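First the structure, in the form of structure tokens, and then the observations on it.
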Amino acid sequence: MFKKPLAFIKKDFLTESSYKLSFIFRIFSVLVTIFTYFFIDKLFGHRIVGHLEEFGVNYFSYVLLSMAFFNYVGVGLGSFSNRIRLEQMQGTLEALLLTPTKISTILFSLILWNLLFASLDMVIYISLGIFLFKISFANINILSTLVILFLTIISFSGLGILSASFIMVFKRGNPVSWIINSLEGLIGGVYFPITIMPAWLQFLAKFFPITYAIRAVELAVYQGYALSQLTKEIGFLLLFSFLLLPLSFASFRFALKRARQQGSLIQY
Amino acid sequence: MKQILKVENLTKDFMPPFSFGKLVKFDFKYRRPTRALEDVSFSLKKGEILGVLGPNGAGKTTLLKIIATLILPDKGSVVVNGWRLDIDDDKIKSFIGMVSSHERSFYWRLTGRQNLEFFASMYDLKNAKDKIEELFNLFKIDYQDNRFDSYSTGMKQKFALMRSLLNEPELLLLDEPTKSLDYTTALNLRNFIKENLVRKKGKTVIFTTHNMDEALDFCNLFMILQKGKLYALGTLDELRKKVNNPSAGLGEIYVKLTERS
């Protein structure tokens with residue numbers, strides 16, 4: 001059952017480790033991001049203290065966690081289409097589809113490495129937070145955090161597979177990814193709490209799963225909220241998952257069928 | 001002998017790709033689809049080597065890709081070992097092996113061995129390591145652990161053939177496998193397939209080429225395709241009868257048959 005996904009992880013590890021400097025640059029990139037927000041906090045952090053009261057942390061702690069968590073959103077949202085496009089460009093997609101491997105297995109196996117790398121990023125963010133910036137994660141409710149993490153990946157995977165369907169047919173120009181990427185950072189509460197925004201934008205934010213995911217993870221990690229205290233957020237993430245996942249699988253099957261009709265599986 | 005493949009009335013049109021540029025220019029002119037295959041029917045028995053001959057754009061690759069489940073036909077049916085293409089594609093995938101003419105169908109940052117191990121996992125092979133060693137011995141591969149992008153074109157083609165044999169397929173689809181190979185390597189490859197895979201193991205092969213000499217040397221059945229239409233199908237003697245010339249070469253037959261249309 002796990003043989004094929006494990007083969008994908010091994011293959012991606014071997015590919016990634018053949019780029020020697022990649023890991024060092026990754027740590028460097030996380031450090032630059034963290035320091036950018038550290039200084040933004042020094043400059044403006046005091047002005048939004050009131051908006052962060054319910055989370056019980058300062059701006060820097062808030063944004064460090066949401067940035068670390070946001071990588072998982074990126075995996076769910078962007079990895080499917082990026083990896084499908086990469087396989088098309090390498091010419092290996094056709095070779096993969098020639099094997100008796102289920103489409104769902106290929107899709108989820110393709111992003112496993114990205115998921116592991118997002119976890120590595122999370123570890124780097126949190127470790128730097130603890131050891132360099134003395135942020136406390138003592139209140140964390142691990143079960144709530146893991147449940148939120150899982151539901152976030154699932155609901156964003158739905159959007160990600162939808163996005164991969166566009167790549168399969170149109171090769172470039174992916175409206176799903178473009179719209180979500182452009183809006184979620186702005187109104188989803190990743191870089192600042194959504195209570196800062198005008199009421200109409202806060203209303204719009206309710207239609208994006210990222211809003212519930214970020215709020216829930218901040219509360220679970222910093223305030224130790226139990227699952228029973230996060231029912232609204234969990235409910236919405238479940239709703240998004242149930243709506244998006246079947247829709248996305250149906251759309252990907254349709255896209256694959258269309259690509260097979262057009263004979264364009266390896267075009268990019 | 002057991003029938004391995006039956007193709008009936010296979011037709012495939014490719015629609016011109018959708019273009020935003022034309023939409024912006026309000027260019028709604030109807031563009032005719034390109035006919036890749038038209039009413040192609042044939043069958044193959046175990047152990048036969050069918051050479052599909054035709055110029056570029058004749059429909060050879062489309063035919064192979066349809067049999068390999070990579071392209072869906074518009075009309076007609078394909079039955080491989082009793083399984084229908086539209087129902088049992090997973091069973092068909094386990095039954096066939098394909099070598100495409102694309103050079104880039106491997107992970108170039110991985111070694112040759114790592115590539116084969118990965119694809120062996122996709123076939124769920126239990127004895128993958130032994131199978132890969134067996135293939136290395138069979139193909140006399142010395143540089144098994146070199147990075148794939150460092151291999152010569154001939155070596156890459158050998159790896160493509162090794163990959164297609166991982167699952168012990170009964171039907172091999174070879175799409176111009178000798179296209180980028182020098183004369184000796186191509187000859188060795190053809191001899192290897194004929195001797196080891198067809199004669200000893202009874203595999204069935206479909207081999208596309210536009211090289212008549214190569215086809216004559218390798219195949220025992222010939223199909224002539226042009227603009228998607230099947231012009232002739234049979235052994236060399238049968239094709240000679242068609243053109244009323246008992247000593248005609250394959251090239252001569254090809255020209256005569258396709259000129260008639």
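Just to be sure I understand: with springs between alpha-carbon atoms less than 10 Å apart, which residue in B:THR62, B:THR208, B:THR111 has the highest mean-square fluctuation in the Gaussian network model of chain B?
Among B:THR62, B:THR208, B:THR111, the largest mean-square fluctuation in the Gaussian network model of chain B belongs to B:THR111.
Highest GNM mean-square fluctuation, chain A, Cα pairs closer than 10 Å: which of A:SER22, A:SER163, A:SER66?
Most flexible of the set in this elastic network: A:SER22.
Would you calculate a helix-derived [θ] at 222 nm for the protein assembly as shown, using -39,500 (n - 2.57) for each DSSP H run of n ≥ 4 and dividing by the full residue count, to the nearest 500?
-17500 deg cm²/dmol
Taking a label point 7 Å from the Cα of B:ASN220 along the Cα→Cβ vector, which residues of the stretch B:176-210 have an amide N closer than 15 Å to it?
Label zone hits: B:193-207.
Can you give the FRET efficiency to the nearest 0.05 for A:GLN262 and B:LYS200, using r as the Cβ-Cβ distance and R₀ = 30 Å?
0.15
Taking the Cβ of A:ILE106 as the centre, find all other residues whose Cβ is under 10 Å away and add up their charges (Lys, Arg: +1; Asp, Glu: -1).
Computed value for this residue: +2.
Give the Cα extents of the protein assembly as shown along the principal axes, in whole Å, largest first.
96, 57, 37
With the cut-off at 19 Å, tell me which of the pairs B:LYS6/B:LYS60; B:LYS46/B:LYS91; B:LYS12/B:LYS242 have Cα atoms farther apart than that.
As for pairs spanning more than 19 Å Cα to Cα, those are B:LYS12/B:LYS242.
What FRET efficiency, computed as 1/(1 + (r/R0)^6) with R0 = 56 Å and r the Cβ-Cβ distance, is obtained for B:LYS29 and A:MET89, rounded to the nearest 0.05?
My answer for the efficiency is 0.95.
Taking only C-alpha pairs under 8 Å that are 6+ residues apart, what is the relative contact order of the stretch A:3-262 in percent?
26 percent
Counting DSSP beta bridges with both partners in the protein assembly as shown, what percentage is antiparallel, nearest 5?
50 percent
So what's the gap between the Cα centers of the stretch B:41-55 and the stretch B:88-108, to the nearest angstrom?
The two parts, judged by their Cα centres, are 18 Å apart.
Can you tell me the FRET efficiency between B:SER77 and A:HIS46 if r is taken as the Cβ-Cβ distance and R0 is 51 Å, rounded to the nearest 0.05?
0.10
Under a crude label model (7 Å from the Cα following the beta-carbon direction), how far is A:ALA250 from B:ILE87 in nanometres?
Using points 7 Å along Cα→Cβ, the separation is 2.6 nm.
Cross-link list B:LYS2/B:LYS256; B:LYS131/B:LYS158; B:LYS158/B:LYS203: which exceed 26 angstrom alpha carbon to alpha carbon?
B:LYS2/B:LYS256
For chain A, what is the convex hull (Cα atoms) projected area averaged across all directions, in square nanometres?
It is 15.0 nm².
At 0.36 nm per residue, minus the direct Cα-Cα distance, what do A:ASN181 and A:ILE142 gain on full extension? Give it in nm, one decimal, please.
Working it through step by step, the gained length comes to 11.2 nm.
None of the figures in this text is laboratory data; all of them are computed from the coordinates on show. Here the structure is a predicted model, which is why all the values come from computation and not from measurement. Here the Cβ is made from the backbone with ideal geometry for all residues, glycine too, and neighbour counts use every protein chain on show.
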